[in-house]
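The next block holds one structure in the form of C-alpha cells; read it before the comments.
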C-alpha cells in the first residue's frame with residue numbers, strides 16, 4: 001500500500017523530534033557535567049585562596065607595623081574576592097546547573113510522549129490496513145464498504161483522543177513545575 005503524503009510528513013516529523021530529543025540528551029548532559037566540573041574547580045580555587053589569606057595573615061603578624069598593615073589589607077582584599085567567588089559558585093549551582101539537571105526529566109517525558117503518539121499512529125495504520133484488506137476481499141459487500149468511513153472516523157477519533165491526552169498531560173506538568 002502506498003503511503004500518503006500526510007503519513008510521510010508525520011514520519012519525518014517524528015524522526016526529527018526523535019533526533020532533537022537525542023541531541024538534547026547528549027549535549028545537555030555534557031554541558032551539565034562540564035558546568036559542574038567548572039563549579040567544583042572554582043570552589044577549590046576559592047578554598048585555596050582562603051588558605052592563602054590565612055597564611056598571609058599569619059606572616060603579617062610576624063612583620064613590622066607598616067608591612068603588617070599592608071599585608072592585612074591585601075589579605076582582606078583577597079578575602080573579598082573569594083566572597084565574590086563563593087557567590088559565583090552559588091549562582092552557577094542555582095541558575096545554571098539545577099535548570100540543566102531538570103531538563104533530564106523533561107526530555108524523558110518528551111520521549112515517552114513521542115512513544116505514546118507513535119504507538120497510537122501505528123495502531124491506526126494497522127487498523128486502516130486491516131479495513132482495506134477486508135474491503136478488497138469483499139468488494140461487493142455493501143455493508144462493509146458503507147461502514148468503512150464510519151470506522152475510519154472512529155479510529156481517527158481514538159488517535160486524536162490519545163494526542164489530546166498527551167497534550168493535557170504536558171500542560172499539567174508545565175503548570176505544576178511553575179508553582
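The values are calculated or read from the model by the stated rules, or taken from the named source; none is laboratory data. On a predicted model such as this, the values are computed, not experimentally measured, just so you know. Cβ: placed from backbone, ideal geometry, glycine included. Neighbour counts: every protein chain shown.
Brief remarks follow.
- Where residue 169 falls short, out of the listed (1) under 30 Å from residue 31 (Cβ atoms); (2) out of contact with any helix residue (DSSP H, G or I) (no Cβ under 7 Å at 6 or more places or on another chain); (3) surrounded by 12 or more Cβ atoms within 10 Å (Cβ to Cβ); (4) at pLDDT 75 or above: (4)
- Just one of the listed residues (136, 143) is out of contact with any helix residue (DSSP H, G or I) (no Cβ under 9 Å at 6 or more places or on another chain), part of a helix (DSSP H, G or I), modelled with pLDDT of 65 or more and loosely packed, with under 10 Cβ neighbours inside 10 Å, and it is 136.
- Among (1) free of Cβ contacts under 8 Å to residues at least 60 places away in the same chain; (2) in contact with a helix residue (DSSP H, G or I) (Cβ under 9 Å, 6 or more places away or on another chain), the one test that residue 34 misses: (2)
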